[in-house]
Amino acid sequence: MSSDDAITAALIVIGEEILSGRTRDENISYIANYLTGIGIALQEVRVVRDVEAEIVTAVNELRARYAYVFTTGGIGPTHDDVTTDAIARAFGVEADIDPRAVEAMRKGFGERELTPARLRMARIPQGADLVDNPVSRAPGFMLGNVIVMAGIPRIMQVMLDAVAPRLKKGRPMLSRSVRIEAPEGDMATGLAAIQAAHADVQIGSYPFFEKGALGTYVVLRGVDERVLDRVLDELWKLVAKERFKASEGRG
């Protein structure tokens, strides 16, 4: 995919719990696969602490570089949930309790349950559009090209579904895979030559070890099916020339 055709994105994962290892991130691979499927190329991921200034810096750097910036985490009810304030600061606006967010939360909470802590989750930067959350009702939001979502995987996933129709999409990424029963190094020169001739196709090699033997999965990725299949033909020619044992991979 040429730089002119690509719809690009970055992801900011926010949370001390991720950096400390207390919580294993489950969102990065899900978001990457989801965006690939709708023609958006995730090109950078950053993990930052729950520190407002650091979030502001990351957001401002990345929103100037990519078509979209997604964030996960830091929009809960506790004192260390500072993402909303950081986004507001990055855009130079205020964040206040939003009547639309309160109304959304009333679908999941009674009036007595809408405590000051819970109402922190109704604070939305001025000018932002809400991102629906049918699971726990506290919404995410989209401001400019920045999409702010919860860190809890199930909630993040429904928010991503909710915001996806609003996003500009490119051509979906296609892939082809070949399993080669040979070490990665044995095919490095040949793969490099194919890659040099086809800059619009990404060629990745991923070694594996099974039953005492080394092998490699070669994965081709691109948006043009005809070009992708031409590169696949060249790969099979390399396999035949080097007399590697190989089979069609898992996609």
GLU61 being part of a helix (DSSP H, G or I), among the acidic types (Asp, Glu) and either out of contact with any Leu (no Cβ under 9 Å at 6 or more places or on another chain) or at pLDDT 95 or above (or both):
yes
What tally of residues in the range 136-155 results from selecting those that are closer than 19 Å to TYR34 by Cα and either of a type outside the set (A, V, I, L, M, F, W, C) or not in a strand (DSSP E or B) (or both)?
8
Could you list, ordered by first residue, the pairs with Cβ atoms under 6 Å in which the first is in the range 157-174 and at negative phi and aliphatic (A, V, I, L, M) and the second is open to solvent by 90 Å² or more (accessible area, probe 1.4 Å) and outside any loop (DSSP other than H, G, I, E, B), at least 6 apart or interchain?
LEU174/GLU225
Look through the range 103-123, keep the residues that are in contact with a helix residue (DSSP H, G or I) (Cβ under 9 Å, 6 or more places away or on another chain) and in a loop (DSSP other than H, G, I, E, B), and return whichever of them is surrounded by the fewest Cβ atoms within 10 Å (Cβ to Cβ).
LEU114
Determine whether ARG46 is outside any helix (DSSP H, G or I), of a type in the set (D, E, K, R), open to solvent by 10 Å² or more (accessible area, probe 1.4 Å) and within 27 Å of GLY170 (Cα to Cα).
yes
Could you look through the range 170-199, keep only residues that are in a helix (DSSP H, G or I) and of a type in the set (D, E, K, R), and pick out the one that is most open to solvent (accessible area, probe 1.4 Å)?
ASP186
Counting only residues that are under 17 Å from SER175 (Cβ atoms), open to solvent by 70 Å² or more (accessible area, probe 1.4 Å) and either part of a loop (DSSP other than H, G, I, E, B) or without any contact (Cβ under 8 Å) to a residue 40 or more places away in the chain (or both), how many does the range 200-227 have?
4
Is it the case that some residue within the range 145-156 is surrounded by fewer than 21 Cβ atoms within 10 Å (Cβ to Cβ), in contact (Cβ under 8 Å) with a residue 24 or more places away in the chain and within 25 Å of the chain's Cα centre (by Cα)?
yes
Kindly indicate whether any position in the range 83-100 is touching a Gly at 6+ places or on another chain (Cβ under 7 Å), among the aliphatic types (A, V, I, L, M) and open to solvent by 30 Å² or more (accessible area, probe 1.4 Å).
yes
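Hey, could you check the range 20-37 for residues that are touching a residue at least 60 places away in the same chain (Cβ under 8 Å) and assigned to a helix (DSSP H, G or I) and say which is most open to solvent (accessible area, probe 1.4 Å)?
TYR30
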Among the residues of the range 235-247, is any surrounded by 12 or more Cβ atoms within 10 Å (Cβ to Cβ), of a type outside the set (Gly, Ala, Ser), modelled with pLDDT of 95 or more and closer than 27 Å to ILE40 by Cα?
yes
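The values are calculated or read from the model by the stated rules, or taken from the named source; none is laboratory data. Just so it is clear, the structure is predicted and the values come from calculations on it, not from any experiment. Reconstructed Cβ throughout: ideal geometry from the backbone, glycine too, with neighbour counts over all protein chains shown. The protein model used for the area step is the full one, side chains on, heavy atoms only, and it has no ligands, DNA or RNA in it. Shrake-Rupley method; radii C 1.70, N 1.55, O 1.52, S 1.80 Å.
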